[in-house]
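Structure first, commentary second.
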Amino acid sequence: MEKYQKTYRKLIAKQFNQDFKSAIEIVELPLRQPAPNQILIKNKFAGINSGFDTLLCQGKVPYVNLTPPFDLGVEAVGEVVGVGHEISDFHIGDAVVTTIRGGGYREYQTINGNLAIKVRQATPEVLTLMPTGISALVALEKVGEMTTNEVVLVTAAAGGTGHIAVQLAKLAGNHVIGTCGSQQKAELLKKLGCDRIINYRTENLDQILKTEYPKGINLVFDCVGKQIFDTCVANLAIGGRLVVVGFIAEYGKIREEVTQPRLYHQLFWKAASVRGFLMPLYQEYAAEARDRLLNLFYSGQLKVAVDPTQFNGIESIPNAVKYLLDGQNCGKVVVRF
């Protein structure tokens with residue numbers, strides 16, 4: 001362990017609040033030696049998950065019943081700087097990824113050795129594959145029942161999860177439509193081999209789908225919600241599946257009340273379905289998905305886009321959360337320590 005390091009800082013939610021910035025504070029704590037079965041990790045990069053962060057700070061994540069103060073941040077990649085004497089499979093200097101709720105937005109973390117995954121290098125690219133890429137793969141295959149030669153639509157396709165979903169759908173041999181909101185994002189999607197890129201700010205999504213895809217969409221991977229969700233449901237093919245991966249259009253906002261005919265009027269006549277996806281409920285598939293993604297990445301079959309905007313240090317996290325919520329990102333947003 002680094003001898004000179006006595007304390008470390010982390011970001012916590014001190015109270016529930018609609019607004020992430022108002023909910024949080026940075027605290028400084030003494031750095032403890034790892035217990036016999038623990039390792040001490042110096043975080044190098046943490047992934048930003050604005051939707052989850054915002055909902056947590058509002059107390060709106062039903063499966064975690066938290067009382068403030070609590071820790072924030074999920075995925076991190078770093079370097080092992082301390083090892084308990086019962087640990088044999090990790091050594092000082094090893095690069096590791098962790099995906100523990102509360103383990104991300106902090107400079108150091110001390111955890112049980114079995115909770116870390118050894119990787120080749122502590123890079124933000126690897127961080128994007130876990131758990132973001134894992135979510136994309138499991139949502140498409142297990143919930144969306146993705147096959148081949150289908151029309152797959154990915155919303156927020158240039159985002160951290162979306163840009164991985166686009167490539168996985170292409171690798172499976174599908175025709176992929178990606179929606180995005182800027183020219184810069186459209187350029188990224190072109191590089192990733194997206195077949196039809198729709199900039200919803202300059203083009204009418206509903207009109208394009210009805211005109212160019214009259215038979216409808218077989219599989220939708222939706223991270224956005226609101227009107228985009230409605231449009232996607234209306235354009236599902238016979239037997240089409242829409243997977244709800246998130247609804248970033250509503251995070252941090254007052255929930256919208258909708259008055260319209262019930263969903264089954266649209267689904268029934270097409271034998272179509274809308275399915276929710278939540279990674280914690282699909283954990284049994286995570287290890288296999290992780291190994292497959294790392295292989296695809298290391299063999300050059302999968303590209304990882306990390307947003308070029310630099311966010312440095314704990315203090316920059318609120319700005320990074322806002323940047324992602326505002327939809328400014330191209331790829332995965334990370335903060336570096």
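The values are calculated or read from the model by the stated rules, or taken from the named source; none is laboratory data. From a predicted model like this one, the values you see are computed outputs, not experimental measurements. Counting neighbours? That spans all protein chains shown, and the Cβs are built from the backbone with ideal geometry, glycine included.
For segment 160-173, how many residues are more than 11 Å from residue 221 (Cβ to Cβ) and assigned to a loop (DSSP other than H, G, I, E, B)?
3
Out of 242, 209, 267, report the one residue that is in contact with a Lys or Arg (Cβ under 9 Å, 6 or more places away or on another chain) and hydrophobic (A, V, I, L, M, F, W, C).
Only one candidate passes the filter, namely 242.
Mind listing whichever residues of segment 187-198 are within 21 Å of the chain's Cα centre (by Cα), outside any helix (DSSP H, G or I) and surrounded by fewer than 18 Cβ atoms within 10 Å (Cβ to Cβ)?
Hit for segment 187-198 is 193, nothing else.
Quick one: is residue 52 modelled with pLDDT of 95 or more and among the aromatic types (Phe, Trp, Tyr)?
Criteria not met by residue 52.
Pairs only if they're at least six apart or on different chains, beta carbon under 8 angstrom, first in segment 285-311 and more than 15 Å from residue 164 (Cβ to Cβ) and free of Cβ contacts under 8 Å to residues at least 24 places away in the same chain, second hydrophobic (A, V, I, L, M, F, W, C) and surrounded by 12 or more Cβ atoms within 10 Å (Cβ to Cβ); list them, first residue then second.
Short answer, once both residue conditions are applied: 308/330.
Could you check segment 239-282 and list, in sequence order, the residues that are assigned to a loop (DSSP other than H, G, I, E, B), among the charged types (D, E, K, R) and farther than 22 Å from residue 131 by Cβ?
The answer is 253, 255, 256, 257, 262.
Pairs please, first residue from segment 175-186 and assigned to a helix (DSSP H, G or I) and among the small types (Gly, Ala, Ser), second anywhere and buried (at least 24 other Cβ atoms within 10 Å of the Cβ) and at pLDDT 95 or above, Cβ atoms under 7 Å, 6+ apart in sequence or on different chains.
Matching pairs, first to second residue: 186/180.
With respect to residue 157, is the statement that it is in contact (Cβ under 8 Å) with a residue 12 or more places away in the chain, on the phi < 0 side of the Ramachandran plot, in a loop (DSSP other than H, G, I, E, B) and surrounded by fewer than 22 Cβ atoms within 10 Å (Cβ to Cβ) true?
No: the conditions fail for residue 157.
Out of all the residues in segment 141-176, which are farther than 18 Å from residue 305 by Cβ and of a type in the set (A, V, I, L, M, F, W, C)?
Scanning segment 141-176 gives 143, 146, 151, 152, 153, 172.
Looking only at segment 199-226, which residues are in a helix (DSSP H, G or I) and either crowded, with 22+ Cβ neighbours inside 10 Å or more than 21 Å from the chain's Cα centre (by Cα) (or both)?
Within segment 199-226, 205, 206, 207, 208, 209, 210, 211, 212 meet the criteria.
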